[in-house]
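Visitor: The structure is given below, and queries will be raised subsequently.
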Amino acid sequence: MRRPALLLGTLLLVLSACSPTPRNADPALWRVEDGHGHTGWLFGTIHSSDRPLEWRTPKVGAAFDQAGAIMVEVGNLADEAEVAATFARLARSEGEPLLSARIAPSDRPALTALLKKAGRADGDFAGLDTWAAALTLARAGAKDDDARNGVDRSVIAAAGKRPVVELEGAAAQLSLFDALPESEQRDLLSAVVVEAAAPERDLAKSWRTGDMAAIEQETRSGLLADPELREVLFTGRNRRWTARIAQAVRSAQKPFVAVGAAHMAGPDGLPAMLSAQGFTVTRVE
């Protein structure tokens with residue numbers, strides 16, 4: 001599995017698995033308390049899978065049922081046409097060089113292999129920004145149903161009449177990439193190419209078992225090992241979300257926050273940031 005399936009809602013990358021039947025999971029869940037009787041929950045998700053995932057354990061289900069609002073990264077994931085249109089609008093460019101000219105010579109053999117896997121040619125991306133080319137190649141081999149089986153979609157579908165609050169939205173999320181300097185976009189492309197050439201790792205198992213140590217280790221490598229990309233795609237986003245979540249808890253909204261599991265990991269994760277603001281954050285599953 002590629003790391004962004006635990007990180008970014010609009011990448012919608014593929015998970016490796018071996019059976020079309022649903023699989024039970026025991027993912028990580030935290031309770032957040034502000035000391036004044038106000039409560040919320042943090043639930044780490046996975047954004048895509050080749051089959052449905054049974055994420056609603058007794059503890060997760062109890063928290064979900066008590067929640068007054070559902071907070072997610074992107075609220076309109078099911079509207080694939082709108083998300084695709086947003087991507088196309090932001091990704092458009094003109095006269096870009098060959099993709100191989102936007103990557104270090106040492107990475108070009110891996111790029112050639114990834115282009116072949118994706119059924120694309122080196123010159124196919126003249127009309128796309130480098131970040132968009134990188135994300136397009138990152139989806140090589142993915143199927144539409146992989147994203148439709150993402151836990152985020154299932155959580156949103158189960159919200160009922162409760163408000164679904166976007167922490168970010170597709171346009172804002174993709175704009176993070178669009179605003180990257182070209183040098184960082186090329187670092188992103190290199191990270192995608194190198195990651196695609198690496199041996200597959202069953203990060204789906206880490207999510208299913210709530211193994212946050214393994215997930216944190218993954219957030220220290222690949223594209224998140226680049227300090228600038230880490231600040232934009234991970235730490236900075238968590239900082240902004242923490243402020244939104246804190247306000248929701250303190251105002252008695254009882255939020256159930258369902259975002260990529262990588263955002264829960266380590267000292268830059270949401271649980272740690274909320275703890276630093278004085279909340280009591282307890283892992284309950």
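The values are calculated or read from the model by the stated rules, or taken from the named source; none is laboratory data. Keep in mind it's a predicted model, so treat the numbers as computed, not measured. A quick note on method: Cβ atoms are made from the backbone with ideal geometry, for glycine too, and the neighbour counts reach across all protein chains shown. Heads up: the accessible areas ignore ligands, DNA and RNA and are worked out on the full protein's heavy atoms, side chains in. Shrake-Rupley method; radii C 1.70, N 1.55, O 1.52, S 1.80 Å.
Visitor: Collect the residues in segment 83-118 that are aliphatic (A, V, I, L, M) and without any contact (Cβ under 8 Å) to a residue 60 or more places away in the chain, keeping them in residue-number order.
Guide: Listed by number, the residues that qualify are ALA84, ALA85, ALA88, LEU98, ALA101, LEU115, ALA118.
Visitor: Here's a follow-up. What is the number of the single condition among (1) out of contact with any helix residue (DSSP H, G or I) (no Cβ under 9 Å at 6 or more places or on another chain); (2) within 19 Å of THR86 (Cα to Cα) that ILE156 does not meet?
Guide: (2)
Visitor: Could I ask something else about it? Residue by residue through segment 249-263, note down the ones that are over 14 Å from the mean Cα position of the chain (by Cα) and either over 14 Å from MET273 (Cβ atoms) or not aliphatic (A, V, I, L, M) (or both).
Guide: ARG250, SER251, ALA252, GLN253, LYS254, PRO255, PHE256
Visitor: Kindly indicate whether any position in segment 158-165 is within 15 Å of the chain's Cα centre (by Cα) and not hydroxyl-bearing (Ser, Thr, Tyr).
Guide: no
Results for (1) at pLDDT below 95; (2) within 21 Å of PHE234 (Cβ to Cβ), shown as yes or no for each residue.
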| site | (1), (2) |
| --- | --- |
| TRP131 | no, yes |
| ALA157 | yes, no |
| GLU168 | yes, yes |
| VAL194 | yes, yes |
| LYS205 | yes, no |
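Visitor: So which residues in segment 65-106 are of a type in the set (Gly, Ala, Ser) and farther than 25 Å from ILE46 by Cα?
Guide: SER93, GLY95, SER100, ALA101, ALA104, SER106
Visitor: Here's a follow-up. When you look at GLU96, is it closer than 16 Å to ALA258 by Cα and of a type in the set (Asp, Glu), yes or no?
Guide: no
Visitor: Within segment 147-162, can you find the residues that are hydroxyl-bearing (Ser, Thr, Tyr) and open to solvent by less than 40 Å² (accessible area, probe 1.4 Å)?
Guide: Of everything in segment 147-162, nothing turns out to be hydroxyl-bearing (Ser, Thr, Tyr) and open to solvent by less than 40 Å² (accessible area, probe 1.4 Å).
Visitor: Quick test of your reading of the structure: ARG120 fulfils all but one of (1) modelled with pLDDT of 90 or more; (2) in a helix (DSSP H, G or I). Name the failing condition by number.
Guide: Among (1) modelled with pLDDT of 90 or more; (2) in a helix (DSSP H, G or I), the lone unmet condition for ARG120 is (2).
Visitor: Being at pLDDT 85 or above, in contact with a helix residue (DSSP H, G or I) (Cβ under 7 Å, 6 or more places away or on another chain) and open to solvent by 20 Å² or more (accessible area, probe 1.4 Å) is true for just one of SER100, SER93. Which residue is that?
Guide: SER100
Visitor: A further question on this structure: Please identify the pairs in which a residue from segment 70-82 that is polar (S, T, N, Q) has its Cβ atom under 8 Å from the Cβ atom of a residue that is part of a helix (DSSP H, G or I) and open to solvent by 60 Å² or more (accessible area, probe 1.4 Å), counting only partners at least 6 apart or on another chain.
Guide: ASN76/GLU82
Visitor: What residue, of GLY123, GLY127, GLY119, is in contact with an Asp or Glu (Cβ under 7 Å, 6 or more places away or on another chain) and either on the phi > 0 side of the Ramachandran plot or open to solvent by 20 Å² or more (accessible area, probe 1.4 Å) (or both)?
Guide: GLY127
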